[in-house]
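What follows is a single structure, written as structure tokens, with notes after it.
Taken together, the values in this text are just the output of simple stated rules run on the coordinates, not laboratory data. As the structure is a computational prediction, the values presented were derived from the model and not from experiment. Using ideal geometry, Cβ is built from the backbone for each residue, glycine included, and neighbour counts are taken over all protein chains shown.
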Amino acid sequence: MTRTTNTAFDTRWATNADLPALERLMKRAIDALQTGLLTPEQVAASHAIMGLDTQLIEDGTYLIAVRDGIIAGCGGWSNRATLYGGDHSTSLRNPALLDPARDPAKIRAMYTDPDFARQGIGRLILDGCERAAARHGFASVELMATLSGERLYATAGYVPVEKVEAVVDGIAIPLIRMQKQL
């Protein structure tokens, strides 16, 4: 098991035993951290396109930050074509394997528990995922950012590639596809 420590948070790769805590954390993060950036209707609709992708845990590529036994944040990297979406958003999923020689790895499902926001957890997890992707031969990464995550990613060197909208039951949710060279 790979472990790192930064600002009193340990990181480790998630296991199936973490699933219930991760699901609770993601729901809290979606509901709380997008407030003020999206309408209440957009926040509610976001649950249809965001959430837990257990493929990341099965692949051993989902990193969690823990302090005192509490999961404070999570996020992963993937060598699969899926850019975003959870287990329930099947139309967004593509399990095809990427070629590190030509494809960017995907940074996926980044969430911080609202009680731990603005404490460097997102950056800690992002750095760990980027290092892991680079160790697996990837020269670049890409992600689909929410408005609440855009600033973190821009500060970490990601550049916007395109702005898109995911539409759920007629409600448009703004997203930004971003990339970075490792």
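If you go through region 157-182 and keep only what is hydrophobic (A, V, I, L, M, F, W, C) and either crowded, with 17+ Cβ neighbours inside 10 Å or in a strand (DSSP E or B) (or both), you end up with Val159, Val161, Val164, Ala166, Val167, Val168, Ile171, Ala172, Ile173, Leu175, Ile176, Met178.
Considering region 136-156, and only residues there that are surrounded by 13 or more Cβ atoms within 10 Å (Cβ to Cβ) and among the hydroxyl-bearing types (Ser, Thr, Tyr), the residue that is farthest from Ser89 (Cα to Cα) turns out to be Ser140.
I'd like the full set of residues that are assigned to a strand (DSSP E or B) and β-branched (Val, Ile, Thr), limited to region 133-151.
The answer is Val141, and nothing else.
Residues in region 37-52 that are among the β-branched types (Val, Ile, Thr) and surrounded by fewer than 17 Cβ atoms within 10 Å (Cβ to Cβ): Thr39 alone.
Of all residues in region 25-69, those that are in contact with a strand residue (DSSP E or B) (Cβ under 9 Å, 6 or more places away or on another chain) and among the charged types (D, E, K, R) total 5. Of Val161, Val167, all but one fail to be free of Cβ contacts under 8 Å to residues at least 12 places away in the same chain, more than 19 Å from Thr61 (Cα to Cα) and of a type in the set (A, V, I, L, M, F, W, C); the exception is Val167.
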